[in-house]
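Here the structure comes first, spelled out in structure tokens, and everything after it is commentary.
The values are calculated or read from the model by the stated rules, or taken from the named source; none is laboratory data. Owing to the predicted nature of the structure, the values given are computational and were not obtained by experimental measurement. Cβ placement follows ideal geometry from the backbone for every residue including glycine, while neighbour counts extend to all protein chains displayed.
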């Protein structure tokens, strides 16, 4: 009897201990508990994960319910890692890096949440509905930054709401980096980081490039409202607000789902103070401009706006997979799933690949009359010449998608798009109608216009039409001379947010009035902060571009775009000019067609025009490797007509000179690629140095050899700068 009572008492005690130790939470609601490791934590769970956030140091642990797999906000074994100094450990443990500006001294300081908040007793973790909120109080700096953790299906969302940031002293938060070392790899692990540089780029773990700078690039491009005296490097655009990490213990894809217009992407292969390999997002909440005096003895002066920008939400979504060493193709599949879910992308129906033609109808160049020079219109292609060109291609059975550039007085002179006035030297409205009818027999015709910038600066328009910088002066955007890297003489003016919406709508109505249900827009890659707008941030500019595209699409127009920033994907039916490679930064190790893999089969696209490339044969091979459409930029006039013009890059764009080469390329291209536009790319791999294989979902593949040597393997012989098609029969 006594023994039975003892057993019952023992069982009750064990149950009581389990209740204390094991986290308990109601699905979808946060609760307070003690973790398996004994630390106090706040927990939230859903059908897939349970998330614990440590109340003592803010470290979070994600438990996968299906198999108990655990992921931590920073790796285990940090204290035992002798490859890292204490300063590095501080960074790895920090959930936030924040940069603060002292408004009195204009001095900037970087604060780390581990030392400047947690170690000062400034962390408070609470439950808020379905969120866990970790509030970091930087007590010695009078700054408080709350961080929200939310489980969203199989994704983890980490967010900061700038309006919740509290600053009670002289410091203002200007930059925030969110969990820089989440899913980072240590100095002994194998893996890579994916950065969205151009087409996509890989940075190998521990690549020993100790003397190079880490990867830091602005999402969608730099802020054109800020002064930049020179351009010291050429960089491909960052079209995707994403980053990825793949290693032996699993992989993660991070997508910036809010605040992407104000974000930078950073990655480091175990160089610097920390020996860990990391990739993460940094958000800029306050810009820094400069009053420069390049021709004066005065000192340049830093300039700041009066307050932070108007971005309301900074958020990164993490999708985690347990598979070891997940390939970049698999990460592209995860990204594609996100794009389908977010933008409603649909599979392309079965159709033949057309030839994409950018035809330039005119340009602006220096002319003279009676000894007086002026900037005048130079005709490059007439509507009738374009029609003859298209009919010639159609007779050979080649479908064409044609885009007309500089086709009206507004588009060639760089005016606001308030109409569609024909250029008499290019042709009449009747000639345009005839061209349209000819193209649509086996293709589609787009009229192109720039919706965000103009070349003319009217005296009164500068007060009402143009975007303003933080000094409330008209933003003047200048291109850079490729030979000197300094500003060129050409000046562009950016339209205000309100006028982007106004004139893009007018442009759409003008194009519709000509009988078109297709339209193409440029200028979506111009990123800037309009300080005269309601939303003063680059994320606000992203919203305006999305609104402009949506109103064009909702008016019944089929919209093509240039460049293809992610925010355009929901409304674009065609993307021309996506990057075919990365920027070849020293820190990066391999260029990959990540964006092409993610989009193929869902959005028609073409990489750079073959004839404008510095190496046309390599551009053709890149077209095959990426599954891109064949793309050319042509004029009918001789190259001399556009030399020293606003479109001098077309000097090598004469259609007659390229016709034979284009026909030869297409004959070879169509034998393999004609039915591939609707197919997903399921494989991409490097077979040897400068030799790559791309595999489509029907098992067909293309191998391209960029090297100067013959490639032989598996029964294949591929000549230098050549390719081979095949198909797996299994």
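Of the residues making up region 144-187, those that are under 26 Å from residue 84 (Cβ atoms) and assigned to a loop (DSSP other than H, G, I, E, B) are 179, 180, 181, 182, 183, 184, 186, 187. Cβ separations smaller than 8 Å between residues 6+ apart or across chains give the following pairs from region 133-153 residues that are free of Cβ contacts under 8 Å to residues at least 40 places away in the same chain to residues that are surrounded by 21 or more Cβ atoms within 10 Å (Cβ to Cβ) and in a helix (DSSP H, G or I): 140/116.
Taking the stated definitions as given, is residue 306 in a loop (DSSP other than H, G, I, E, B) and free of Cβ contacts under 8 Å to residues at least 60 places away in the same chain? Show your work before the answer.
Numbers: in a loop (DSSP other than H, G, I, E, B): yes; free of Cβ contacts under 8 Å to residues at least 60 places away in the same chain: yes.
In short, yes.
Tell me the residue from 169, 153, 122, 129 that is in contact with a strand residue (DSSP E or B) (Cβ under 6 Å, 6 or more places away or on another chain) and farther than 30 Å from residue 208 by Cβ, please. Steps first, please.
Numbers: 169 fails: in contact with a strand residue (DSSP E or B) (Cβ under 6 Å, 6 or more places away or on another chain); 153 fails: in contact with a strand residue (DSSP E or B) (Cβ under 6 Å, 6 or more places away or on another chain); 129 fails: in contact with a strand residue (DSSP E or B) (Cβ under 6 Å, 6 or more places away or on another chain).
Criteria check complete, one pass: 122.
Among the residues that make up region 332-339, is at least one of them touching a helix residue (DSSP H, G or I) at 6+ places or on another chain (Cβ under 9 Å) and closer than 27 Å to residue 472 by Cβ? Scanning region 332-339, I find no residue that is touching a helix residue (DSSP H, G or I) at 6+ places or on another chain (Cβ under 9 Å) and closer than 27 Å to residue 472 by Cβ, so the answer is no.
Here is the figure for region 548-570: residues that are within 24 Å of residue 225 (Cβ to Cβ) and within 18 Å of the chain's Cα centre (by Cα) total 9. Of everything in region 99-141 that's surrounded by fewer than 17 Cβ atoms within 10 Å (Cβ to Cβ) and in a strand (DSSP E or B), which residue is nearest to the chain's Cα centre (by Cα)? Result: 110. If I go through region 541-570 residue by residue, how many of them are at negative phi and surrounded by fewer than 20 Cβ atoms within 10 Å (Cβ to Cβ)? Count: 10.
Listed here are the residues, each with its yes/no results for (1) touching a helix residue (DSSP H, G or I) at 6+ places or on another chain (Cβ under 7 Å); (2) more than 19 Å from residue 321 (Cβ to Cβ); (3) surrounded by 18 or more Cβ atoms within 10 Å (Cβ to Cβ).
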site: 43; (1), (2), (3): no, yes, yes
site: 47; (1), (2), (3): no, no, no
site: 52; (1), (2), (3): no, yes, yes
site: 58; (1), (2), (3): yes, yes, yes
site: 61; (1), (2), (3): no, no, yes
site: 76; (1), (2), (3): no, yes, no
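The strands (runs of 3 or more DSSP E) found entirely in region 364-462 that carry 2 or more residues being exposed (fewer than 15 other Cβ atoms within 10 Å of the Cβ), in contact with a strand residue (DSSP E or B) (Cβ under 8 Å, 6 or more places away or on another chain) and modelled with pLDDT under 95 are 372-379. Condition first: over 25 Å from residue 74 (Cα atoms) and modelled with pLDDT of 95 or more. Now tell me which residues in region 198-217 satisfy that. Scanning region 198-217 gives 198, 199, 200. Can you confirm whether region 644-666 contains a residue that is touching a residue at least 60 places away in the same chain (Cβ under 8 Å), part of a loop (DSSP other than H, G, I, E, B) and loosely packed, with under 14 Cβ neighbours inside 10 Å? So far as region 644-666 goes, yes, one or more of its residues are touching a residue at least 60 places away in the same chain (Cβ under 8 Å), part of a loop (DSSP other than H, G, I, E, B) and loosely packed, with under 14 Cβ neighbours inside 10 Å.
Against the definition (part of a loop (DSSP other than H, G, I, E, B), closer than 28 Å to residue 543 by Cβ, in contact with a strand residue (DSSP E or B) (Cβ under 9 Å, 6 or more places away or on another chain) and in contact (Cβ under 8 Å) with a residue 60 or more places away in the chain), how does residue 345 come out, yes or no? Give the steps one after another, and end with the answer.
Values: part of a loop (DSSP other than H, G, I, E, B): yes; closer than 28 Å to residue 543 by Cβ: yes; in contact with a strand residue (DSSP E or B) (Cβ under 9 Å, 6 or more places away or on another chain): no; in contact (Cβ under 8 Å) with a residue 60 or more places away in the chain: yes.
Taking the combined requirement at face value, the residue does not satisfy it.
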